[in-house]
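Reviewing the structure listed below.
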Amino acid sequence: MEIRRIKIIFHINRPHLTFDILSILKKYDVYIVSMEVYSNVIYLKLPYISDNTLQKIEEEWKDVYGFDHMENVDVMAFEEKDIELRGVLNLMREGVVILSVKGIVEYFNNKVPVALRDIKVGSSIFDFIENENLKNFIEMSGEVSNFGTMRNVEIELDSKNYLLNVDSLYSEDRIFSGFLLTLKEITLDYSFDNYITFEDLVGEDEKFKESIEKAKNASKVESPVLLVGGSGTGKEMFARAIHSNSDRSTKAFVGINCAAMPEELLESELFGYESGSFIGANGNGKRGILEIADGGTVFLDEIGEMNYHIQSRLLKIIEEMEAVPRNSSEEVPLDIRIIAATSKDLEKLIEEKKFRVDLFYKLNILKIEIPTIRERPKDIEVLIEYFLKVLSKRYGDKKIEISQGAIDKMKSYCWPGNIREMQNVLEKALVLSDGGVIESENITFDTSEVYNREMTEGADLNSAVSYFERNFILKALRNNSSIRAAAKELNVTHTLLLNRIKKYEIRDEDWKK
Ligand SMILES: Nc1ncnc2c1ncn2[C@@H]1O[C@H](COP(=O)(O)OP(=O)(O)OP(=O)(O)O)[C@@H](O)[C@H]1O
């Protein structure tokens, strides 16, 4: 006997609607196998009932205030999502396992290594992968839920080597829900294609190339590195490329964002729970990421946000490592390479007594400045071409075209969110273009508060106001076809707007389509 799945659609949402629907089922003595209730829809999974009975039930439902219509469906909403998710996972080229916050398997795809052949939903991943890094990472993330990623840890399963990557999963409102674990087999001739390498860093501008050269040199030495650059300029990509070009490349790359968590949490994340010493934790306490990443690289993003006390502890570790360098026969306390990044001016923070000058000097030895898009305008077209290729690949080698007008519009924009923003703008434009040619009207910029805030943070009042004013005027000009119309929208005189256009050196090509 077949199960029936029914979708009921309502044209209003009122109290007791579900109750009224279910009361009629009760009247016909039909029980419910399962049910999903949304604001205007109910899915019901019912045991087999004849068409005749269902028709009678439907007739009565029609009298329920708010009922619109019902449909027989093949799957419930949840089942549909489940099928979709499985389908997507199976499309991926690597073995993928989705875990709960405690490391329990929730989904896995058909590319998981043979060594995981007995894996089941509900199994613990630790029964299949015995790896201290993974264990610690999951245990700690489970407790603090803000830990990010674990990159390229080499593990062995059934005498084969794999690169293990783990990402924490969050809902839109940042509720931590588990992990996405990917396993990629390392084959001899293509071992590192999962790494970000310098080849992945796109750009031809001289300033950018200088940064790449510096980073390449930095990858061959052991001192800490300081990456300085605005939001979305590629600091993390640089850090990863340095790691994979170094002789630590087969070890962990662990990143932590110092701005993303409260101070006490950051401290225990970094140094572990055991007070006094995190070195050689004997299993009673929690290991910090500095220890988990032993042998590898630790990426400290937004180091300017780290509090003074944590800075002192970090400095001590760097000094201890220097006192007993790598390759020495003495017992080394910790073997990590620190790469720090900042979008803030650390020297200014030193003046404000928010950043330790001695830590700054340690980090500043190898300082690499990553230019913003404004500082490498020639790369705009290069990056557009690159991202369109990436998008085309993602959509099954679909041909994507872009008009000269759209390119010009992107060239005249100031890109406060840098490369990340450019990626987003192009992706959005592709959707808006409905699969055709990307035209200039499909290029829309996020002039939201976030960007204005990021751009104006740390600036003095006059330059912040100017920045805002220039952008505001540009927006009005782009929305209108003439200066006069824009002046009207801005409620200022034509002459005043002309003066401002002159002051801010706004060119016709900055706004005219
Ligand atoms: N040179 C580049 N070539 C291609 N893609 C890049 C380049 N630089 C950055 N990206 C892409 O831009 C996005 C932002 O890069 P990344 O996260 O490294 O920037 P970030 O400076 O660390 O950002 P944030 O300040 O927000 O931490 C990523 O999706 C990355 O893949």
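Kindly provide the Kirkwood hydrodynamic radius of the stretch 1-149 in Å, to one decimal, from all pairs of distinct alpha carbon atoms.
Answer for the stretch 1-149: a Kirkwood hydrodynamic radius of 18.7 Å.
Suppose R0 equals 25 Å. What FRET efficiency, 1/(1 + (r/R0)^6) with r the Cβ-Cβ distance, do Asn110 and Lys398 give to the nearest 0.05?
Values: r = 25 Å, r/R0 = 1.01.
Calculated transfer efficiency: 0.50.
Give me a comma-separated list of calculated 3J(HN,Hα) values for the stretch 70-85, in order, Karplus coefficients 6.51, -1.76, 1.60 applied at θ = phi - 60°, integers in Hz, x for any Gly or Pro.
Couplings: 10, 9, 7, 10, 7, 9, 6, 4, 5, 4, 4, 4, 4, 5, 4, 4 Hz.
So how much slack lies between Lys378 and Ser159, counting 0.36 nm per residue of separation and subtracting their Cα-Cα distance, in nm? Don't jump to the answer; show the numbers that get you there.
Details: separation 219, 0.36 × 219 = 78.84 nm, distance 4.83 nm.
Going from the current span to full extension adds 74.0 nm.
Search the structure for amide H atoms under 5 Å from the amide H of Leu227, placed 1.01 Å from N in the peptide plane, and list their residues when 5 or more places away or on another chain.
Residues meeting the criterion, in which the H sits 1.01 Å from N, are Ala340, Ala341, Thr342, Ile368.
Going by average Cβ neighbours within 10 Å, how do the peptides 418-430, 210-222 rank, with the highest at the top?
Details: 418-430: 19.5, 210-222: 16.8.
My ranking of the peptides, most packed first, is 418-430, 210-222.
Suppose the chain between Tyr170 and Asn499 were pulled fully straight at 0.36 nm per residue; how much longer would it get relative to their current alpha carbon spacing? Working shown, then result.
On the way: separation 329, 0.36 × 329 = 118.44 nm, distance 4.81 nm.
Contour length minus the Cα-Cα distance gives 113.6 nm.
Hey, got the dipole for the chain? About the Cα centre, +1 on K and R Cβ, -1 on D and E Cβ, debye to the nearest 20? List each step's numbers first, then the result.
Working: 67 positive and 88 negative charges, 262 e Å.
For the chain, the charge dipole is close to 1260 debye.
What residues qualify as long-range amide H neighbours of Phe253, i.e. H under 5 Å apart, gap of 5 or more or another chain, H built at 1.01 Å from N?
Under 5 Å from the amide H of Phe253: Arg151, Thr297.
Calculate the dipole size of the stretch 459-511 relative to its Cα centre from +1 charges on Lys and Arg beta carbons and -1 charges on Asp and Glu beta carbons; express the result in debye to the nearest 20. All intermediate terms of the calculation are to be shown ahead of the outcome.
Working: 9 positive and 7 negative charges, 36 e Å.
Its charge dipole is roughly 180 debye.
Between Glu206 and Lys353, what length in nm is gained on full extension when 0.36 nm per residue of separation is reduced by their alpha carbon distance? Could you put the intermediate results ahead of the total?
Details: separation 147, 0.36 × 147 = 52.92 nm, distance 3.50 nm.
Result: 49.4 nm gained on full extension.
Within the stretch 5-32, which residues have the backbone N less than 18 Å from the label spot 7 Å out from Asp63 along Cα→beta-carbon, could you tell me?
Of the residues in the stretch 5-32, 17-30 have backbone N under 18 Å from the label point off Asp63.
Note down, for the stretch 92-190, the three equivalent ellipsoid semi-axes (square root of 5 times each alpha carbon gyration tensor eigenvalue), biggest first, whole angstrom. Kindly include the intermediate steps, with their values, before the conclusion.
On the way: eigenvalues 95, 41, 33 Å².
Equivalent-ellipsoid dimensions as semi-axes: 22, 14, 13 Å.
How big is the stretch 459-511 by the Kirkwood estimate over distinct Cα pairs, in Å?
Numbers: mean 1/r = 0.0898 Å⁻¹.
Over the stretch 459-511, the inverse of the mean reciprocal pair distance is 11.1 Å.
First measure r as the distance between the Cβ atoms of Arg117 and Tyr48, then evaluate 1/(1 + (r/R0)^6) with R0 = 25 Å and state the FRET efficiency to the nearest 0.05. Don't jump to the answer; show the numbers that get you there.
Details: r = 36 Å, r/R0 = 1.45.
After rounding, the FRET efficiency stands at 0.10.
Within the set Lys220/Lys348; Lys353/Lys503; Lys475/Lys502; Lys220/Lys251; Lys235/Lys378; Lys216/Lys398, which residue pairs have Cα atoms separated by over 25 Å?
Working: Lys220/Lys348 30 Å; Lys353/Lys503 36 Å; Lys475/Lys502 16 Å; Lys220/Lys251 15 Å; Lys235/Lys378 20 Å; Lys216/Lys398 34 Å.
Distance filter (> 25 Å) returns Lys220/Lys348; Lys353/Lys503; Lys216/Lys398.
Counting DSSP beta bridges with both partners in the chain, what percentage is antiparallel, nearest 5?
Roughly 70 percent of the beta bridges in the chain run antiparallel, per DSSP.
Just order 339-345, 389-395 by mean Cβ neighbour count inside 10 Å, highest at the front, would you?
Numbers: 339-345: 23.4, 389-395: 13.3.
Result, highest mean first: 339-345, 389-395.
So for the pair Ser39, Lys316, with labels modelled 7 Å out along Cα→Cβ, what separation do we get in nm?
Placing both labels 7 Å beyond Cα along the Cβ direction yields 5.3 nm.
Rg to Rh ratio, the chain, alpha-carbon atoms and Kirkwood radius? List each step's numbers first, then the result.
On the way: Rg = 28.3 Å, Rh = 27.2 Å.
Result for the chain is an Rg/Rh of 1.04.
All of the numbers you see were taken from the coordinates with simple rules; none came from a lab. Worth saying up front: this structure is predicted, and the values here are computed from it rather than measured. Counting neighbours? That spans all protein chains shown, and the Cβs are built from the backbone with ideal geometry, glycine included.
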